[in-house]
Amino acid sequence: MNLISGIDVTASALNAQKTRLDIIAQNIANAQTTRTAAGGPYQRQLVSFETELLNQAVSGEISSGQPSAKGVRIGAIKSDPTPGERIRDPSHPDADAQGMVTMPNVNLAYEMVDLITATRSYEANLAVAKNGREMAQRTLQIGQ
């Protein structure tokens, strides 16, 4: 049993969840941004994960017939294509000729649920890393 590879998998999951938390924070921070450098309102960003095992299978690295998990990585960060809500605010600087403003497609309730989920996943992976370290230390104590 290789404890180090288990910790490597957990470390990759921690990195992936950290990126997810960063993207969620970015979404929350831009929930009212109606004009970006690209023009138009901010578009909510979505994070998708993929396993390193899948990448090994595609690249032909699995030759022994015993695939091993290599962890999780960010597959893509892409914009949510859902249109944002249109509100009437003729005094807004980004209002069109009819006084309508297209708001970002960020729903704060969804972002908070995603934030809690990502935080709990991060905490769970942190607990796995801690338990793996403790197991390694106890294994070394048994060998003394």
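Read the figures in this text as sums done on the coordinates, not as results from a lab. What you see is a predicted model; the values in this text were computed from it and never measured. Note that we place each Cβ from the backbone using ideal geometry, even for glycine, and neighbour counts take in every protein chain shown.
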(message) Net charge within 13 Å of L21 by Cβ-Cβ distance, Lys/Arg positive one each and Asp/Glu negative one each, not counting L21 itself?
(response) -1
(request) Calculate one ³J(HN,Hα) per residue across segment 132-144 by plugging θ = phi - 60° into the Karplus curve 6.51 cos²θ - 1.76 cosθ + 1.60, and present them in order as whole Hz with x for glycine and proline. (result) x, 5, 5, 5, 5, 5, 5, 4, 5, 5, 5, x, 7
(request) Arrange the following residues from fewest to most other Cβ atoms within 10 Å of their Cβ: D89, D96, D8. (result) D96, D89, D8
(request) Please give the length that would be gained between N15 and A109 if that part of the chain were fully extended, namely 0.36 nm times their separation in residues minus their C-alpha to C-alpha distance (nm, one decimal). (result) 31.4 nm
(request) Check cross-link reach from K130 to the lysines: straight Cα distance under 24 Å, and skip same-chain residues fewer than eight apart. (result) K18, K70
(message) Around P41, under 14 Å between beta carbons, what's the net of Lys plus Arg minus Asp minus Glu among the other residues?
(response) -2
(message) Using Cβ contacts closer than 10 Å as the measure, can you line up Y110, Y122 from fewest to most?
(response) Y110, Y122
(request) Neighbouring Cβ atoms within 10 Å as the yardstick, rank E111, E85, E134 fewest first. (result) E134, E85, E111
